[in-house]
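First the structure, then my questions, so here it is.
The values are calculated or read from the model by the stated rules, or taken from the named source; none is laboratory data. Being a predicted model, the structure only gives us computed values, none of them experimental. Methodologically, a virtual Cβ is constructed for each residue, glycine included, from the backbone with ideal geometry; neighbour enumeration extends over all protein chains shown. Just so you know, the surface numbers come from the protein's heavy atoms only, side chains and all, with ligands and any DNA or RNA stripped out. Shrake-Rupley method; radii C 1.70, N 1.55, O 1.52, S 1.80 Å.
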Amino acid sequence: MKLKNSIHAALLTTALIAGTAAPAFADGGPAVSTADQAVATVQKATGTTDVAPDSTTGTVMATDRGVVTVTTPASAEGRVTVAASDGSAVTMTLPAAVNAAGTTSAAGTTVYPNAAAHTDLATQATVDGGARALVTLKNADAPTTQRFDLGLPDGATLVADGTGGYDIVTSANGAGAVARGHIDAPWAKDANGNAVPTSYSLDGNTLVQTIETGPDTAYPVVADPHYTWGIISGTVYFNKEETKVLALGGTVVSWLPHPAAVVGGRSLAGIAGYAVATDQCVKFKVSPGLVPLSPAAAVAGSGTYSGSAGDGYCR
């Protein structure tokens, strides 16, 4: 069976390279979409103003969070990589069925035509120091569930941001988890530029995107996971134990003021107490380098959040 599958995969790859489609990938149109068609479809959906130059050899960008290197793969089974100046990186695989070779446009979009059934794939480095992994559903037979495996640094995890995306968090100097990267809320557009409903879920460290096409959807449909890494400021999340300590007036980290300090009738202890009572956790907006917050800044930047299995630090 393994030999049979290997022969099938080899024949399929050869067929795609040669410009003839294997039966399982036939879509009733041209056997294989050209790279130019794939590029045009993607760039119509994304535009090119925020696309960085060819990143298949690594594009180094200076951002407000330091120097970031974005590398997109030369072929569809490679990994998209966003690396911070400290050497840490977050990687993402594409939902490829065959290792289609990439072709890069003048604007910097790399496309992998027919990398999966009825599907083209693409990647872009973005000028904010992030990366896009794009899926083009060419017709109604294309899979509407796409899976992107994430490679996270040791100790990093994902926390739902409440708007459809995820923060990528690591330890915040001994307590809490600080956001160092972000996966934007997903989007999808049809051939007419209309939004197509889409959402994320997590399966371990696999980001799963579901695209809700329907009878009125105009194909092709382009969908876009976009992520960044290397942020040194943003949001710090506390877990349930740390939230309880704050609620009881205890000190968790040196950069927070005393929990009992009252500002405008509110205190961190009171906010944390509410979180405990509602089975939630607290989070704080922080400054670069985790500079100590004043009582007013801590209270104003505080909030609560809840976690669920597989996608939260609140546990």
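Just to verify a result, which residue in region 125-140, among those that are at pLDDT 95 or above, in contact with a strand residue (DSSP E or B) (Cβ under 8 Å, 6 or more places away or on another chain) and not hydrophobic (A, V, I, L, M, F, W, C), is least open to solvent (accessible area, probe 1.4 Å)?
Among those residues, the one meeting the criterion is Thr136.
If I go through region 69-95 residue by residue, how many of them are over 16 Å from the mean Cα position of the chain (by Cα), of a type in the set (A, V, I, L, M) and open to solvent by less than 20 Å² (accessible area, probe 1.4 Å)?
Going through region 69-95 one residue at a time, the tally reaches 1.
Right, something else. Report, by residue number, each residue of region 226-252 that is assigned to a loop (DSSP other than H, G, I, E, B), surrounded by fewer than 21 Cβ atoms within 10 Å (Cβ to Cβ), within 29 Å of the chain's Cα centre (by Cα) and of a type outside the set (Ser, Thr, Tyr).
Ile232, Asn239
For every residue, the table says whether it meets (1) in contact with a Phe, Trp or Tyr (Cβ under 7 Å, 6 or more places away or on another chain); (2) among the hydrophobic types (A, V, I, L, M, F, W, C).
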site	(1), (2)
Asn114	yes, no
Ala117	yes, yes
Leu121	yes, yes
Asn139	yes, no
Ala142	no, yes
Leu152	no, yes
Val169	yes, yes
His182	yes, no
Ser199	no, no
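Scan region 280-297 and give yes if some residue there is farther than 23 Å from Gly234 by Cβ, at pLDDT 90 or above and not in a strand (DSSP E or B), otherwise no.
No: region 280-297 contains no residue that is farther than 23 Å from Gly234 by Cβ, at pLDDT 90 or above and not in a strand (DSSP E or B).
Yes or no, residue by residue, for (1) modelled with pLDDT of 90 or more; (2) surrounded by fewer than 14 Cβ atoms within 10 Å (Cβ to Cβ); (3) among the β-branched types (Val, Ile, Thr); (4) in contact with a helix residue (DSSP H, G or I) (Cβ under 6 Å, 6 or more places away or on another chain):
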site	(1), (2), (3), (4)
Pro143	yes, no, no, no
Gly164	yes, no, no, no
Ile168	yes, no, yes, no
Gly174	no, yes, no, no
Arg180	no, no, no, no
